[in-house]
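Heads up: the structure comes next, in structure tokens.
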Amino acid sequence: MERIEPARVPSPGESRGSPRCRHGAVARDAATANGPPAWLALLAPLLLALALAACGGGDAAAPEEDGELPPPSGRPALTLPDTIEIVSFVEGLRARMPARGSGGYRPPLPFEVLSLRQAFDSLVAGNLEAADRLLDRHDYDLVWTVERGTGDSVLVLGERPISNRHWGTYVFNPSRQATPTDIHVDHPLFDVNTDLLGARMWQRCRCRWLFVAGAHRFANEGDVADMARQTESMFQVLHEAVAPDGFQAMSVHGFSAENHTPPTSTSDFVLSNGATSDGLVAPVDLARDLRLMLREAGFVVGLVGDDLGYDVLTGSPNPQGIWSNENLGRGRWIHVEVERRLRTDAALREAAAQVLGLWGKLSVGGA
């Protein structure tokens, strides 16, 4: 299949309006192997000086919606080390996530959703400064760092340490060599270790975006904190902004065999391409290719719509899947349910990540 080249957010040394100085080193990453050209490293001192000078000039005011958006909060900024290892980084996010029944997730209000859409439109257009100013109103920062597993400069969209929204953490790899596949982790606490599996898939695939929800799916009553149900969330709004320029999104979930009957209870994976708003479920050939690859690796796999008895774990209510199927066409979103044993055993989790990550790359024509 022909590889789709995604739109690319500028990397640290070349962005049009880089985030403010607190957001990693503007010049440091210019000489990394997978970042901008090496010659740009010669300009690093000048770039850093310019960045520091820009910080002292204050921030331009971001447009407000009917005067409702708050001013910059002045809360301590999100800071990251010069390098991170993505699996350990994602595991560390758990400590701040609101637990089940805590009521700790604070859903965005309608005017905040509109502001997030504006911020992500700017982000996709490569205007990081405008995106950063809007996100500042919501206690979110854009931070450059280097991911050690890939060696790539990555942009982290994360919440400030003492904020209490818990809208999630998002990692973007803008490298031209990145695979235009996005990895979604909707339930990082409820679906045990899907966050670790998703992060490792992202790393192995050298994927584009990694989405990790910010709270237990049952942190609040009902589906308020469930990113696989909520349409007005940062998770959903960012997906709608970046998905058109990507190739596909893989949504990683978990099930336990003891909660099901055969054939689900005897399976390792259940795959689905989700549904449309009217409930239509229909698999595509790419999902069949993944089923085949997993089976060849020794796993037991069912595909919703092809294999009988797998109509429980369809992923059909997921708003990212519904939006993708209705706006981008079927096959641009795939729901991957992984049995608990494969997620809790480190060796099995690594084996699963290897196959899923490889498919994420090969399915879009990667080597």
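Things worth noting here:
- Antiparallel bridge percentage (DSSP; both residues within the range 28-362; nearest 5): 50
- Between ASP306 and VAL192, the distance separating the two model label sites (each 7 Å from Cα on the Cα→Cβ line) works out to 3.0 nm.
- FRET efficiency for the ASN164 to THR344 pair, using the beta carbon distance and R₀ = 35 Å, is estimated at 0.70.
- With a Förster radius of 51 Å applied to the C-beta separation of THR83 and LEU280, the computed FRET efficiency comes to 0.70.
- Antiparallel bridges, percent of DSSP beta bridges restricted to the range 102-252 (to nearest 5): 65
- Stokes-Einstein D in µm²/s, Kirkwood radius over Cα pairs - the range 28-362 at 10 °C with 1.306 mPa s viscosity: 77
All of the numbers you see were taken from the coordinates with simple rules; none came from a lab. Predicted, not measured: the structure shown is a model, and the values here were computed from it. Every residue, glycine among them, receives a Cβ derived from its backbone with ideal geometry; neighbour counts consider all protein chains shown.
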